[in-house]
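S.K.: One structure coming up, written as structure tokens, with questions to follow.
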Amino acid sequence: MIKFLIIYLSLLLPHPVHVSMSSMEYIPQDEGYRITVRMYSDDLLLDLRSLYQLPGEHIDDRIYTGPDDIYEDYINEKLKIKINGKQFSASLLETEKLEIETIMRLFLESGGETNNIEISNTILTGIYMDQVNLFIYKDETNERAFRFTVDYLNEKISLE
């Protein structure tokens, strides 16, 4: 009976970690990067509500159910990417809105040789002081992983 009560209460409480997972992979034939961002749906909704005026009919329990274009705006605001010193914006390809997790897939057209990339990752850092944003960069010859936090928001990758 006690185990059942503990399991039941744990389902009612929010998750105990604040983490997102992002990846950026170079696709040579498309001359650009495929970007994938995975976040807890309730955390994403909380951040979207803090940044945008969301109509009530677009909120279903702990998931945003409105138009997907808001995800593109959100990611381009929270995950800033500069290639060779020039700011780029990603285009949303698709989303998966799941009960626990929202997955956003985007494409960033780079249009040429990449010497360096600057990444600023502020996903949820304005809400949670313990937020961790894991990030993986991959191309034909490099694979690197980074851990962004409230105190560490920027990284520069030299590819020369």
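Where a number appears in this text, it was derived from the coordinates with a stated rule and is not lab data. What you are looking at is a predicted structure, and each value in this text was computed from that prediction instead of being measured. All Cβ positions, glycine included, derive from the backbone under ideal geometry; neighbour counts span all protein chains shown.
S.K.: Calculated FRET efficiency, SER23 and GLN53, Cβ-Cβ r, R0 35 Å, to nearest 0.05?
M.R.: The value I calculate is 0.70.
S.K.: Using the Karplus curve 6.51 cos²θ - 1.76 cosθ + 1.60 with θ = phi - 60°, work out ³J(HN,Hα) for each residue of the stretch 111-126 in order, rounded to whole Hz, and write x for Gly and Pro.
M.R.: With the stated coefficients, the stretch 111-126 comes to x, x, 5, 10, 9, 8, 10, 10, 10, 10, 10, 10, 4, 6, 6, x Hz.
S.K.: Would you mind counting up the charge near THR141? Only other residues with Cβ under 14 Å from its Cβ, with Lys and Arg at +1 and Asp and Glu at -1.
M.R.: With Lys, Arg at +1 and Asp, Glu at -1, the neighbours total -4.
S.K.: While we're here: Could you work out how far helix 69-78 tilts from the main Cα principal axis of the chain, as a 0 to 90 degree angle to the nearest 10?
M.R.: 70 degrees
S.K.: What's the magnitude of the charge dipole for the stretch 56-160 around its Cα centre, counting Lys and Arg as +1 and Asp and Glu as -1 at the beta-carbon? Answer in Debye, nearest 20.
M.R.: Dipole about the Cα centre, nearest 20: 460 debye.
S.K.: Of all beta bridges DSSP finds with both residues in the chain, what is the antiparallel percent, to the nearest 5?
M.R.: 85 percent
S.K.: Mind counting lysine pairs for me in the stretch 60-151? Cα separation below 21 Å, and the two need to be 8 or more apart along the chain or on different chains.
M.R.: Total qualifying Lys-Lys pairs in the stretch 60-151 comes to 6.
S.K.: For semi-axes √(5λ) of the Cα gyration tensor in Å, the listed values are (i) 34, 23, 13; (ii) 35, 16, 15; (iii) 31, 18, 14; which was obtained by calculation from the structure presented?
M.R.: Answer label, from the structure shown: (iii).
S.K.: Same structure again: Taking the beta-carbon count within 10 Å as an exposure proxy, list SER20, SER110, SER50 from fewest neighbours to most.
M.R.: Neighbour counts put them in this order, fewest first: SER50, SER110, SER20.
S.K.: Only Cα pairs under 8 Å and at least 6 apart count here; give the relative contact order of the stretch 22-158 as a rounded whole percent.
M.R.: 28 percent
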